[in-house]
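First comes the structure, then the notes that go with it.
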Amino acid sequence: MEEKSSLLCCPICGQGLSREAGRYLCPGGHSYDRAREGYVHLLPANRKHAKEPGDDKGMTAARNRFLSKGYYAPLLEALQALALERIGGEGDVLDSGCGEGYYTQGVFQALTGAGKAIRLAGIDLSKPSVRLAARRLPAGEFAVASAYHLPVGTQTVDLLLNCFSPLALEEFHRVLRPGGAFLYVVPGADHLWELKQVLYDTPYRNKEENVPYEGFFYDTVVPVRARMGVSGEDLKDLFQMTPYYWKTPKEGAARLAELDGLDITADFRIHVFRRDRAPLAQ
């Protein structure tokens with residue numbers, strides 16, 4: 001059976017993987033089964049620090065429902081525009097912390113819709129999230145894996161996305177090609193401010209910082225801001241997909257449950273970096 005080129009590599013020996021029906025293989029003889037949805041598990045047992053790491057089924061499903069209704073479309077559109085600016089006729093894209101694949105799919109569609117030849121992979125610790133991502137975008141490759149041990153070869157990626165996910169700078173620098181772009185999405189100062197006012201007696205705004213990282217050039221910061229009218233089950237999903245779901249006092253959660261709807265600010269910052277051509281200092 002003909003093998004297809006993969007952006008992923010073996011988490012044990014680091015050699016490139018090839019795809020066959022139902023599995024991934026490396027030249028060293030390591031084999032990884034592909035799930036029915038098409039994703040692969042590339043998180044070795046000695047790097048698995050919980051029985052079910054990452055977001056659980058409930059949080060994943062809530063985020064999938066909420067994002068699929070377009071509430072964060074302004075952020076996706078900004079990411080699509082940045083990706084189109086930074087990828088030429090062809091390129092390899094990695095979404096580190098891809099979640100259920102909403103942004104991954106949107107960026108892929110923008111690039112391929114512009115006629116660009118793209119290989120794309122997404123990784124996340126959460127198996128429920130990766131399962132949904134693989135269903136959402138069959139043309140991509142998705143793996144359960146850690147951002148701190150990316151199953152991707154050195155200097156193989158042209159564009160790296162990181163939306164509200166762990167910042168594994170050494171790994172990002174390793175996998176990006178010199179001059180490759182890194183889009184880092186973080187909450188702005190007022191992100192979900194009205195929701196926080198309901199949940200907490202003394203809410204605080206997010207701190208905004210422009211931090212230069214070793215090995216990267218700072219290109220720009222792109223602000224994205226929008227107002228959302230969120231009601232009913234969508235408001236419950238928004239709450240469940242945030243870290244506040246686990247941190248909110250019972251009184252705050254009860255106040256939110258009494259509301260029919262809420263006008264909420266979505267406030268994001270996309271930090272745009274380019275990988276330096278020099279290696280990181282040791």
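The numbers here are math on the coordinates, done by the rules we state, and not lab data. Everything numeric here is computed off the predicted structure, so don't read it as measured data. Note that each Cβ is placed from the backbone with ideal geometry, even for glycine, and that neighbours are counted across all protein chains shown.
Within segment 24-159, DSSP assigns beta bridges of which about 20% are antiparallel (rounded to the nearest 5). What is the log10 of I(q)/I(0) for segment 38-275, computed with the Debye formula using one identical point scatterer on each Cα and no solvent, at q = 0.11, 0.13 Å⁻¹? For segment 38-275 at q = 0.11, 0.13 Å⁻¹, log10 I(q)/I(0) is -0.57, -0.80.
Extending 7 Å from Cα along the Cβ direction at Arg255 and again at His149 yields two label points whose distance is 4.3 nm. Work through the residues other than Asp33 whose Cβ is under 11 Å from its Cβ and net out their charges, Lys, Arg +1 and Asp, Glu -1. Surrounding charge for Asp33 is +2.
When Ser165, Ser6, Ser68 are arranged by Cβ crowding within 10 Å, least crowded first, meaning fewest neighbours, the order is Ser68, Ser165, Ser6. Put in order of Cβ neighbour count within 10 Å, fewest first, the listed residues Tyr103, Tyr39, Tyr148, Tyr213 become Tyr148, Tyr213, Tyr39, Tyr103. Per-residue Cβ neighbour counts within 10 Å put Leu94, Leu111 in the sequence Leu111, Leu94, beginning with the fewest. Using the Cβ-Cβ distance between Phe217 and Gln109 with R0 set to 41 Å, the FRET efficiency works out to roughly 0.90.
Is there a pair in Lys57/Lys236; Lys69/Lys250; Lys196/Lys250 whose C-alpha atoms are over 23 Å apart, and which pairs would that be?
Numbers: Lys57/Lys236 15 Å; Lys69/Lys250 28 Å; Lys196/Lys250 14 Å.
The pairs that break the limit, which is 23 Å between Cα atoms, are Lys69/Lys250.
Highest GNM mean-square fluctuation among Val222, Val157, Val107, for the chain modelled with Cα contacts below 10 Å: Val222.
Taking Rh as the Kirkwood radius computed over C-alpha pairs, what is the Stokes-Einstein D of segment 88-139 at 25 °C in a medium of viscosity 0.890 mPa s, expressed in µm² per second?
223 µm²/s
Of all complete DSSP H helices in the chain, those with a Cα span along the helix axis of 18 Å or greater and a mean Kyte-Doolittle hydropathy of 0.5 or more are 73-86. Listed by chain and number, the aspartates and glutamates whose C-alpha is less than 19 Å from the C-alpha of Lys207, apart from same-chain residues fewer than 8 away, are Asp190, Glu194, Asp267.
The alpha carbons of segment 1-145 occupy a box of 44, 38, 23 Å along the principal axes, longest dimension given first. The charge dipole of segment 38-275, taken about the Cα centre with unit charges on the Cβ atoms of Lys, Arg (+1) and Asp, Glu (-1), comes to about 500 debye, rounded to the nearest 20. Where both bridge residues fall in segment 38-275, DSSP classifies roughly 50% of the beta bridges as antiparallel.
One decimal place: the segment Glu37-Ala117 gains 26.5 nm when fully extended, by the rule 0.36 nm per residue minus the C-alpha distance.
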